[in-house]
Each structure stands twice: as structure tokens, then as C-alpha cells.
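Here the structure is laid out as C-alpha cells; the discussion comes afterwards.
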Amino acid sequence: MTHPAARSDSVTVARWPTEGLFTFLVVLLSIVAWVVLVVSIVGIAYAAFIALFFFIAHLIFIAHVRGSAVKIGPDQFPELHEAVERLARKLGLRNVPDAYVMQASGALNALATKFLSARMIILFSDLLEACGDDTAARDMIVAHELGHIKAGHLTMQWLLLPGLMFPFLGQALSRAREYTCDRYGLVGAGDLEGALLGLSILAAGPKLGRRVNRTALAWQRIDMNTGWMTIGEWLSTHPPLAKRVTALDPTLRPDVGSNKGAILASLTVTGLAGGIVALIAVFVLALIPALEEMAQVATEGSEPAAIDTAAAMDRARSDMASLSAVIEAHRQATGELPADFDELYDLWVEAHPGAPEPYDPFDGYPYGYEIDENGYWLFSSGPDGMPGTEDDLIHDSRTDL
């Protein structure tokens, strides 16, 4: 059972640009579908049978979760319990939903669901283990699922089922919702690096995920720029991770062309031969990719969601203190400072095997490192994401002279 969350200052997260319009279209199509079913006795019978089938299947799943997964609480995984409550307050949820840890045969996933009025999140154990001690990556996953609840994505799902089952449109709405919840995940993580690490782990697993070159991952968007891959993406409920990382960090977005026009032209010719229903489908097909492409472009060069500035500043100071400790250890052992930031980061990796490299939470790049005859200084770009400005955070060894 959910319980009230303590009052707290919550953050405001903007929805993905296409979510509102796709929701409107799903609602509209659902209303039309239910009206048609109401005037058709046979249609109502089919709808009742399908609804009963889905309800029983969902009931069996919820019974499995409540009976065989592990419910998180003050005396059961207390660190996870604290994280769920803290993030629920941060996102402004009125009630903290139940949370479960479930073993899922190695799957790296998590989900939010509801049964009747009860909302819950389910965290797959292998995904939590993959995050390890990186609480920012873990919080990104937890906040993403809480975001589905906060954004109302679980509300009236049964009534919206006809629209959600409409080919391409239901999947497009699902993808828009995932982008929205990645924004909630970014807020939960508290910094961009933690959020991107969470997505990298989803892509490559617990060990290799920490070594993912995110720029190269973002460029995999080009591999999706073919006819078959585009149609495959339209039929998917989740956006490609190559696009999700660029939605959070628009600086990673490669400049790629699009072949959607040729695909839509061929679909339009086919649709014209198929009658009114096909024309409606073609209209939806033409609308969805155009809007999604506009949303991707609109996010380029802008911050998609609020970052917890205080948490990011704490992380930057902690990272620079860790890098400074590596510098001082190297200076004590060799009498010299690391020559540049490449050598510094190599030394840091040697001193912290298996840990993710420290990146500036404000711009996603390595921390700045400079040396002169008097010592060295490290710097973060600060809340404005621009190095060399007044809000830069600086760790300067020369101040001790």
C-alpha cells in the first residue's frame, strides 16, 4: 500500500514535446473506438473478452510480484527504501508507491505498473547490481520509473487501450513517455554523468557500460537511418538508446540526414489504394516521425530538464578532491605532476579499477586540468555549463603557497 510522502520542495520537469499531442490523438481514437463498440453488441462482447484476458494476465503478474519479489521497506533493503522515498518527495509525489526487487533471469530493466488503485515500481535485481555503488545511476533508474507515476502514464490505461493499440500511434506515445521519464531520471540522478551512466549500463551491462564511448553510441543513430530500421523504430515502444543519450545530452547529437520522406511517400501510395482507414493510418504515420524529428531538433543545444544544482556542485567538488588525491600521490612518488589531463585520468583509472571515470556533471566532459611552475588547478564549468565564466568551480593547489 502506498503511504504519504513528506512535504518537500519538488522540481518541475517538462514533458517531451510530442507527448501532449500523441496523448490527445490516443484519447480521440479511443473515444471513437468505444462509441463504435457501444453501438455494436458483437463489438462489446469482443471488447469484454479482450479486457478480461488482459485483466487476468495482469492479475497473475501482480500476484507473482507481491508473492515472489522482495518488497522494499525500512527493514528490507533500507538503502533502496530511503532512495525511493527521497526521490518520490523530490519529484513531488503525494504518495510513495510500493517498490519491489525482482529477479528476472539477467534482464536489465525496471517498470512501473498499477493494479486497481495501487501503483508500484519493480526494479530488476540485475539492473540494481549493474549500477553497483554508483547511486546516481541507480537513482536515475528509480526516478525514471517514479516519473511514469508522477506524469500520470498509468492513469486510465484500460480506457485508452483502443488508441494505444492503434498501429504506430500507441508506440509513438510510449516513446514520448520514455523520453519524458528520462528527464525525471536526470533530475533523480542529480547530474548528467549519473543519468548517462544509467543509460550506458542499460546498453552494455555492468562492466562494459562504464566504458561506453557515448559519442560513438550517439553516432549509431546513423545505423537507424534506413527504411527497414526506421519502420522497426516506429514499431518499438522504447526509443533507441542512441537517441535517448542525445535527448539528455544534446551535445552528443550527430548531424545526420533522414530518409523518412521516401518511406512516407511509398506508404502514402499504398495507403491511397487501401481506402479511408489506410488514409488515416498514413496521416498518422506522416505526423508521428515528423513531430518526433522536430522534437529531437528542438532539444539540440538546450538543457532538457532541471539539474539539482546543489547535488551537482557537491559531486564536482568530490570528484576534483579525488583527482587531486591522485595528483598528490603521483607527485609524492615521482616528484612530478601529471603532464596533462590524459595522463591524470589514466592515473585515476589505475587507482580506481572498475569505477566510472569522473566527468563534470554540468557539461559531461572531463574536468579541466592545468599546471604551471607553482602547482596545478582543476576546474568545473559550473551551473552555466560554460568553462571560463564566473560560476566555475576551482580546486587550486597554489592557494596553499
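Of note:
- Low-density loop positions, trypsin sites (Lys or Arg not before Pro), the range 49-94 - DSSP coil, at most 16 other Cβ in 10 Å: Arg94
- Computed 3J(HN,Hα) for the range 159-174, one whole-Hz value per residue from the Karplus formula 6.51 cos²θ - 1.76 cosθ + 1.60 where θ = phi - 60°, is 5, 8, 4, x, x, 5, 8, 5, x, 6, 5, x, 5, 5, 5, 4, glycine and proline marked x.
- With every protein chain in place, the range 17-70: carbon and sulfur % of accessible area (1.4 Å): 85
- Cα-based shape type of the range 46-100, given that a ≥ b ≥ c are square roots of the gyration tensor eigenvalues and the cut on a/c is 1.5: oblate
- Working from label points 7 Å from Cα in the Cα-to-Cβ sense, the Asp346 to Thr12 distance is 4.9 nm.
- With every protein chain in place, the range 318-375: carbon and sulfur % of accessible area (1.4 Å): 49
- For the range 155-261, the set of chymotrypsin sites (Phe, Trp or Tyr not before Pro) satisfying both a DSSP loop assignment and a count of at most 14 other C-beta atoms within 10 Å is given as Trp158.
- Hull volume per residue, based on the alpha-carbon atoms of the range 10-152 and their convex hull, is 136 Å³.
- You can think of it this way: the chain between Tyr46 and Met229 has 62.5 nm of extra reach, that is 0.36 nm per residue less the Cα-Cα gap.
- Note on Lys207: lysines with a C-alpha under 28 Å away, same-chain residues under 8 apart excluded, are Lys71, Lys243.
- Cα-projected label distance for Leu111 with Glu82, points at 7 Å along beta-carbon direction, nm: 3.1
- Rel. contact order, % - alpha carbon contacts under 8 angstrom, at least six apart, the range 113-220: 34
- Whole-percent P(r), the range 322-370, all Cα pairs, 5 Å bins from 0: 5, 21, 32, 26, 12, 3, 1.
- Gain in span if fully extended, Glu373 to Phe54, counting 0.36 nm per residue against the direct Cα distance: 107.7 nm
- Charge sum, other residues only, whose C-beta stays under 12 Å from Val26's C-beta, Lys/Arg counted +1 and Asp/Glu -1: 0
- Simple spin-label estimate for Asp314 and Phe168 in nanometres, 7 Å along Cα-Cβ: 4.8
- Normalised per residue, the accessible area of the range 1-130 is 58 Å², obtained with a 1.4 Å probe and no contribution from ligands, DNA or RNA.
- Spatial separation of Cα centroids for the range 328-352 and the range 121-193, in angstrom: 39
The values are calculated or read from the model by the stated rules, or taken from the named source; none is laboratory data. Predicted model, so just to flag it, every value in this text is computed and none were measured. Quick reminder, even Gly has a Cβ in these numbers, built from the backbone with ideal geometry, and neighbours come from all protein chains shown. In case anyone asks, the SASA skips ligands and DNA or RNA and just uses the protein heavy atoms, side chains included. Shrake-Rupley method; radii C 1.70, N 1.55, O 1.52, S 1.80 Å.
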